[in-house]
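The values are calculated or read from the model by the stated rules, or taken from the named source; none is laboratory data. Remember, it's a predicted structure, so these values are computed and weren't measured experimentally. Glycine gets a Cβ as well: all are built from the backbone with ideal geometry, and neighbour counts include every protein chain shown. The accessibility values were calculated without ligands, DNA or RNA, using every heavy atom of the protein model including side chains. Shrake-Rupley method; radii C 1.70, N 1.55, O 1.52, S 1.80 Å.
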There are 4 protein chains.
Amino acid sequence: MVDLIEAAAAVGRSVRVGVIGAGNMGADHANTLRRFVRGAEVVAVADVDRARAAAAASGARAYTDAHALIDDPDVDAVVIASHDSVHAEQVVAAVRAGKAVLCEKPLAPTLAEGRQVLRDIGDDGEALLSLGFMRRFDQGYVALRQAIDDGTVGAPVLIHNISRGVSGAPNATSEFSVTGSSIHEFDVVPWLLRSPVVEVAWIAPRCSSQVHAGLQDPQLIHLRTADGVLSTCETFLNARYGYDVRCEVVGETGAMSLAEPARVRLDAELRHGIGYAADWRPRFADAYRIELQAWVDAVASGAPTPLATARDGLAASAVAEAVIASMHADGRTTKVAL
Amino acid sequence: MVDLIEAAAAVGRSVRVGVIGAGNMGADHANTLRRFVRGAEVVAVADVDRARAAAAASGARAYTDAHALIDDPDVDAVVIASHDSVHAEQVVAAVRAGKAVLCEKPLAPTLAEGRQVLRDIGDDGEALLSLGFMRRFDQGYVALRQAIDDGTVGAPVLIHNISRGVSGAPNATSEFSVTGSSIHEFDVVPWLLRSPVVEVAWIAPRCSSQVHAGLQDPQLIHLRTADGVLSTCETFLNARYGYDVRCEVVGETGAMSLAEPARVRLDAELRHGIGYAADWRPRFADAYRIELQAWVDAVASGAPTPLATARDGLAASAVAEAVIASMHADGRTTKVAL
Amino acid sequence: MVDLIEAAAAVGRSVRVGVIGAGNMGADHANTLRRFVRGAEVVAVADVDRARAAAAASGARAYTDAHALIDDPDVDAVVIASHDSVHAEQVVAAVRAGKAVLCEKPLAPTLAEGRQVLRDIGDDGEALLSLGFMRRFDQGYVALRQAIDDGTVGAPVLIHNISRGVSGAPNATSEFSVTGSSIHEFDVVPWLLRSPVVEVAWIAPRCSSQVHAGLQDPQLIHLRTADGVLSTCETFLNARYGYDVRCEVVGETGAMSLAEPARVRLDAELRHGIGYAADWRPRFADAYRIELQAWVDAVASGAPTPLATARDGLAASAVAEAVIASMHADGRTTKVAL
Amino acid sequence: MVDLIEAAAAVGRSVRVGVIGAGNMGADHANTLRRFVRGAEVVAVADVDRARAAAAASGARAYTDAHALIDDPDVDAVVIASHDSVHAEQVVAAVRAGKAVLCEKPLAPTLAEGRQVLRDIGDDGEALLSLGFMRRFDQGYVALRQAIDDGTVGAPVLIHNISRGVSGAPNATSEFSVTGSSIHEFDVVPWLLRSPVVEVAWIAPRCSSQVHAGLQDPQLIHLRTADGVLSTCETFLNARYGYDVRCEVVGETGAMSLAEPARVRLDAELRHGIGYAADWRPRFADAYRIELQAWVDAVASGAPTPLATARDGLAASAVAEAVIASMHADGRTTKVAL
């Protein structure tokens, strides 16, 4: 594949991308690639729903079978934004077909399955695989990481993460809150600190009466990285008031946090303030754009991916598994199986 | 009177205050004096409405005749919070009776009448008179003034003032907007800069369609102080969204402004923010308390008033008169008759 | 004593206050009482350092012996702001002398000693005793509590508290961080929620390299109240950057938090922002004033204290004891002995 | 040229862009086009300084003669970021050569010269010309305009603009402050309101002592649009503290303003706050990217430009001319010659 890509780059040809999954996320990716990412061409979209695939394809080829897209010789690189349950098999197929792959998290439903994916694709295949932890490309998180490196607040001692949404999926379980939402913190915390998570604990605040049975919401999770720093992660899927992601890094001489992203301030009806996004897509739209550009640039040039790797994804899944173990053991402090 | 006060101070006796006017302002003052100002006792309240006077008196004497209160030998000091139209005569009567007086602005409806008050009470009487420009005791304005003195932002070049309310009085005229509202800026700007206003201009933005005939709202006023600094004053009585007073001092090396006063931040319904007061009373409640304490302390000790003086009030009225002249002359730049 | 106070109230006489301890806190209290609290007179100050006592007394009687102040028949009520180690015996002496007492926290070094104080003074004596948990009078906390009662953010599920200072006492231990600083959260959380703390856990973030041996700093503490709400409390005595107290109440439909207290915003040197206090005294100066006024009003009228009671103080000490037990047991979740 | 472009679009070929001027602005544009704008290829850069041209060209052709670049048959479209004094002639040459042109403001040094450019290029040529008023693509301004259209704050009555920089060019004159800086407001105000500026006035605050002779700094400018709305524009080239652009739209029922752009908040050294950019480039980097993408998209598709047109540029220049006339006539209110 690298040969193909290099050839394309040499003749100035775009990376020809196929997008699997034409739900909100896949359609957004196709649109962003088409409008704002240089060096990419969306040549195919696959979705089990043909109409949805066609709409997202916007004139490019529409498939109902992901594997047909993967096997399309005009597809250089694949974005996997399909249902979580099929990520693993699609990743394996695409990598085996020699395609560069950007797979939305999670790589696989469980850590064991994720490990199996890596065994299936081998080391060479692993180099083709990137994972979509877009917060690494959010300019706020990037600035926090740079400032940590610069010593702006001294050595970190504590990180406070908060992730709140308007309403979770109707069938979300307590475990899904961990693997589907908190997993972003499990990736971003070690990335910020450049230190792996080694130990976790799960704590249940009072559960909101507004959520269905089977879901503890909010949840509080503690992460201990190898450097000794403690990170707290509050995840509240049904916080109602807005989509609100916060991160504060407390260091030995100061503290810094993500600024609330807002373009305008409004004075109306006895209130002064800013608005929240209703979900993560507008909040991280710019991060997705920058991530996709970075991915396409790396694919085109044959450079190693600057995105989260498969190993990063496994590390986050290992943390999630330890957190769920803690959840099922009354919040006992639990080691991460690295 | 000074003898009386000194005698009171010597025996540790409170200053016995009579409050004229039991509308919102007068009732607030009586309540603040009674609950939060040390060294004061509210011994009488006067209002043309006996029930209102009695309610505000809360057990103290209630008068319907302001002059009976003024003549009450148990009253050492008088707060005048009656209708603007009777301030002048009540001030003269109270000062002639040897009472210390705190008169809410304005001292008199016109500059000429204000000057007449000063002639009527003479220099000795003037020492008994304080005017209620409470912004001088707001901790934000006090901090701005201190920072100007400290050179925190370098020498001032420009001040931007904004004063917006929810809704003006139903019969407010364009002239009233100047004499009843902008006059606070006419006092606070020269107090901040320690330099008198020498020249003004009046400018009409587009008038809100939500106001009645006879009122230009908002208005924009320019003040030039003797030091050359330009101050802009936007006054918008019917801004609808909240009571919002702002002041920004722009200096040669930096700028500083009043922080929005707020005790809590609220996240609700896709908004993050703080609340506005519906009118000036909660916004300046603390300033009123500190002003009343400063007044009572000065009355008790016989010290010169730390409040705005009658001269300060005349200066503000002279500015208002010049602004109204500019309003009636198409916004022509107009000198202040000092 | 109630007779005395009622008599004083009847003749309009001030509550005659004696202040024990003329360090920063005691001197501040004496000054606040003297300048801003109506109905109080500072008649005596005691300090082991005579010069300090005399300076704080400002003309009133200066004692070096706290018990002489307590026994002074001209003293109606006593503020205890002496060294923590002598609070208990001074409280007992003052209450036995029939004086109303406002004792700065802590009532006693240990929970057992605190309980002994209550046994020593009996139920009648208990009615004379108030504890100085001033956050209950901070207008931000008051607004949060009112908003909880009003259901502004729905039923609370989680409270996040942060308390950071510039630098702790040079000899502060990990235990002192709990009993001397976090204890404010142990009082304010059950007061906000109207529900007692029943269970706690103590967690150590990475310790700042800038602190001396024997002190874990920062610390993270979890409180579980009887209503099931979880409260997190970060205490960081040596956070360096400023004195910063935060409280966020997360409810089922929204969240709200203390607004940063600031009077001005400054633009200078490529930064926009507000300033922090260097310690708690300016941050809570207004809360102290309101607390002292509320105390004096209650003493004067014979009403039950609106301040924290001795029972509230014992409850906070019981939480502290459980937290320290957790600290010494590797962070084990620990029940509070109520 | 449209044929060329359409042909390129048909074969999916990129728009081949030549950049004239390799100073900060031109080099930024070349870099942005090369890294973040899809559908564009930088094929040539021209600068009088060959080394600078070569550096910005990054492998593409480097010219020292702008006209050689314009005449290069491989150049489809030209970005003019050269010295202001040569914009006019380069625009005429490029348009006559059938190239699409994006010219940084100003089109010409004077309104008369700008008009001459339009006569020289004719109506057909005018369709090839876009002007670089990037604020129209800043997401904050875009949100303000959308909100005005949506009636979020009711009909506008007043707009307050503030534009402050760290330090102006060493040879900046009072007139340059108008034509080089305030001109952005002269474009953005009528664009926000969809109403032309018809009348202006110029006012001098106290001049900063930190600026050289020949420059009044800050300046205050009033714009009256045909809809009656008044807009104030403070321009302060040497405000020292940071690059700070503000815009507040005051409507009949509310107000809204640009939020301070910031990605992180910092707590350090007794301050809480955000940082300012040192100049306009980081502040508007995203606006430039979006503007360039919109321009390239329109060039590629043959659609009318969504950027400011030559007519918009002339309108802004006419306002500038009126403002300078007011400056030279003691601030007299001056009609704009449309």
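Sorting the segments A:206-219, B:135-148 by their residues' average number of neighbouring beta-carbon atoms within 10 angstrom, most packed first, yields B:135-148, A:206-219.
Taking each of A:335/C:335; A:105/C:335; A:99/D:99; A:105/A:335; C:99/C:335 in turn, the alpha-carbon distance tops 32 angstrom for A:105/C:335; A:99/D:99; C:99/C:335. Neighbours of residue A:313, meaning other residues whose beta-carbon lies under 15 angstrom from its beta-carbon, give a summed charge of -4 when Lys and Arg score +1 and Asp and Glu score -1.
Here region D:10-163 is assigned +1 on the Cβ of each Lys and Arg and -1 on the Cβ of each Asp and Glu. Its dipole about the Cα centre then comes out at about 400 debye. Where chain D is carried onto chain C by rotation, the Cβ closest to that axis, with its residue and distance in Å, is D:273, 1.
The value given for region B:1-142 is a Kirkwood hydrodynamic radius of 15.2 Å, derived from the mean inverse Cα-Cα separation. Charge dipole of the protein assembly as shown (Cα centre as origin; +1 on each Lys and Arg Cβ, -1 on each Asp and Glu Cβ, all else neutral): 0 debye, rounded to the nearest 20.
The relative contact order of chain A comes to 20 percent, based on Cα pairs under 8 Å that sit 6 or more residues apart. Panel note: the C-alpha atoms of the protein assembly as shown, placed on their principal axes, show extents of 99, 80, 50 Å (largest first). The DSSP beta bridges internal to region A:1-145 are antiparallel in roughly 0% of cases. Shape summary of region D:215-273, radius of gyration then Dmax from alpha carbon positions: 15.8, 49 Å. Relative protection proxy for B:109-115, B:38-44, from highest mean packing down: B:38-44, B:109-115 (other beta-carbon atoms within 10 angstrom).
Between region A:34-71 and region B:205-266, the alpha-carbon centres lie 54 Å apart.
For residue C:278, the point set 7 Å out from Cα toward Cβ sits 3.1, 4.3, 5.1 nm from its twins in the other copies, listed from shortest up.
Taking the DSSP bridge list for region C:71-140 and keeping only pairs wholly inside it, about 0 percent are antiparallel. Compared with the dominant Cα axis of chain D, that is its longest principal axis, helix D:280-301 is turned about 40°. Per residue of A:218-230, other chain Cβ atoms within 10 Å of the residue Cβ number 3 on average. With a Förster radius of 30 Å applied to the beta-carbon distance between residue D:167 and residue B:149, the computed FRET efficiency rounds to 0.70.
The mean count of C-beta atoms from other chains within 10 Å of the C-beta of residues in D:30-38, rounded to a whole number, is 3. Carbon-plus-sulfur accessible fraction, the protein assembly as shown (probe radius 1.4 Å, protein heavy atoms only): 53%.
Shielding by partners for peptide C:245-255, expressed as the average number of C-beta atoms from other protein chains within 10 Å of each residue's C-beta, is 6. Axis of helix C:139-150 versus longest Cα principal axis of chain C: the two differ by about 70°, to the nearest ten degrees.
Ascending distances from the residue D:49 label point to its copies in the other chains, with the point 7 Å along the Cα-to-beta-carbon line: 5.6, 6.3, 7.5 nm.
Principal axis extents of the Cα atoms in region A:125-282, from largest to smallest and rounded to whole angstrom, are 42, 40, 36. Only helices enter this figure: runs of n ≥ 4 DSSP H residues, each worth -39500 (n - 2.57), summed and divided by the residues of the protein assembly as shown, yield -11500 deg cm²/dmol at 222 nm to the nearest 500. Among rounded, prolate and oblate, which fits region D:249-327 when a ≥ b ≥ c are the square roots of the eigenvalues of its C-alpha gyration tensor, a/c under 1.5 means rounded, and a/b larger than b/c means prolate? Because a/c hits 1.5 or more and a/b fails to exceed b/c, region D:249-327 counts as oblate. Against chain A, whose longest principal axis comes from its Cα atoms, helix A:24-36 is set at around 60 degrees.
In this structure, residue D:123 and residue D:332 have a Cβ-Cβ separation that, at R0 = 22 Å, corresponds to a calculated FRET efficiency of about 0.05.
Comment: the Cα-to-Cβ extended label point of residue C:31, at 7 Å, lies 3.1, 5.2, 6.0 nm from its counterparts in the other copies, nearest first.
Bridge orientation summary for chain B: considering DSSP beta bridges with both residues in this region, about 55 percent are antiparallel.
For chain C, the convex hull drawn through the C-alpha positions has a volume of 153 cubic angstrom per residue. Using every pair of distinct Cα positions in region C:107-146, the Kirkwood expression returns a hydrodynamic radius of 12.0 angstrom. A Förster radius of 51 Å, combined with the Cβ-Cβ distance separating residue D:83 from residue C:50, puts the computed FRET efficiency at roughly 0.05.
In this label model, residue A:263 and residue D:96 are separated by 4.0 nm, measuring between points 7 Å along each Cα→Cβ vector. Report note on the peptides D:80-88, B:154-162, C:13-21, A:330-338: ranked by the mean count of other C-beta atoms within 10 Å, highest first, their order is C:13-21, B:154-162, D:80-88, A:330-338.
Summing charges over neighbours of residue A:167, with a neighbour being any other residue whose Cβ is under 14 Å away from its Cβ, gives -3 when K and R count +1 and D and E count -1.
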